[in-house]
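These notes concern the structure reproduced below.
The values are calculated or read from the model by the stated rules, or taken from the named source; none is laboratory data. Small disclaimer: the values here were computed from a predicted structure and weren't measured. Ideal geometry is used to build each Cβ from the backbone, glycine not excepted, and the neighbour counts take in all protein chains shown.
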Amino acid sequence: MFGILKNIKRLIFLVILTALAFMVVNILAFWQIGSFYVLKKYPQFEKVEQIAKIAEKIQGNEKKKEMKEEAMLLIIDKLKIEAPIIKSINEKEKDIQEDLKNGVVLFPNTAMPGGFGNTVLFGHSSDYFWRDGNFKTIFSLLNQLNAEDEIKIIENNKELIYKVTNKQIVSKNNKVILEQTENEHRLTLITCWPIGTDLKRLAIEAELVE
């Protein structure tokens with residue numbers, strides 16, 4: 001009897017220890033989620049604002065304006081997300097992970113924003129706190145998007161507005177969410193799910209507003 005109780009206590013201790021380690025490893029994402037639900041704050045947005053202010057001081061107003069005009073930006077007002085869109089040159093995991101340090105990634109061989117097809121953007125929902133990058137939790141609140149919510153993309157000083165049509169959780173090996181369409185202007189935002197894991201993918205689908 002005492003042996004069984006001892007094993008149960010040991011199991012409970014291991015579960016608690018594993019949960020704590022999991023929380024610590026993914027502390028940035030959980031901090032953002034907690035801040036959103038409890039404090040109604042957006043730490044990721046505040047951090048990006050700070051980065052922008054530092055860049056402005058270093059590079060000067062004109063240089064920053066020039067960079068912003070050339071860049072593609074993803075903007076989700078509901079979640080206070082503003083991130084550069086990085087065109088990844090290939091599908092190699094190593095290269096995509098490198099690009100994710102600087103924003104969200106336009107997946108290779110998918111449509112350009114505003115064009116016919118499926119524009120697929122990947123972003124982190126969480127990442128290890130010791131890794132480099134300023135956008136490690138950019139999509140941690142992505143599941144808060146619902147039908148009819150707006151997603152904006154700025155390209156060549158033109159604003160493209162998409163409205164959410166579908167939200168789903170799929171297998172990490174699901175290729176359907178990457179498929180191209182001939183007669184639609186579709187946008188798909190993808191991130192790892194649940195937070196802190198690589199088990200599945202959360203996909204937000206949206207259509208361009210004509």
message: Looking at L121 and the list (1) more than 20 Å from A29 (Cβ to Cβ); (2) touching a residue at least 12 places away in the same chain (Cβ under 8 Å), which single condition is not satisfied?
response: (1)
query: So which residues in segment 75-91 are assigned to a strand (DSSP E or B) and of a type in the set (A, V, I, L, M), if there are any at all?
result: I75, I76, I81, A83, I85, I86
Residue ID - surrounded by the fewest Cβ atoms within 10 Å (Cβ to Cβ), chosen from residues in segment 149-201 that are acidic (D, E) and within 19 Å of A83 (Cβ to Cβ): E159
statement: Output for Cβ contacts, cut-off 6 Å, separation at least six or different chains, first residue of a type in the set (D, E) in segment 59-84, second surrounded by 12 or more Cβ atoms within 10 Å (Cβ to Cβ) and modelled with pLDDT of 90 or more, reads E82/I75
- prompt: Of all residues in segment 130-148, which are touching a residue at least 60 places away in the same chain (Cβ under 8 Å), surrounded by fewer than 21 Cβ atoms within 10 Å (Cβ to Cβ) and under 18 Å from E98 (Cβ atoms)?
  reply: N134
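A quick yes/no check of all residues on (1) of a type outside the set (D, E, K, R); (2) on the phi > 0 side of the Ramachandran plot; (3) modelled with pLDDT of 95 or more:
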site	(1), (2), (3)
I169	yes, no, yes
N174	yes, no, no
L178	yes, no, no
E184	no, no, no
T191	yes, no, yes
I195	yes, no, no
L199	yes, no, no
E207	no, no, yes
- prompt: Can you tell me how many residues in segment 63-93 are at pLDDT below 90 and surrounded by fewer than 16 Cβ atoms within 10 Å (Cβ to Cβ)?
  reply: 13
task: Looking only at segment 121-128, decide whether some residue is over 23 Å from Q32 (Cα atoms) and surrounded by 21 or more Cβ atoms within 10 Å (Cβ to Cβ).
output: no
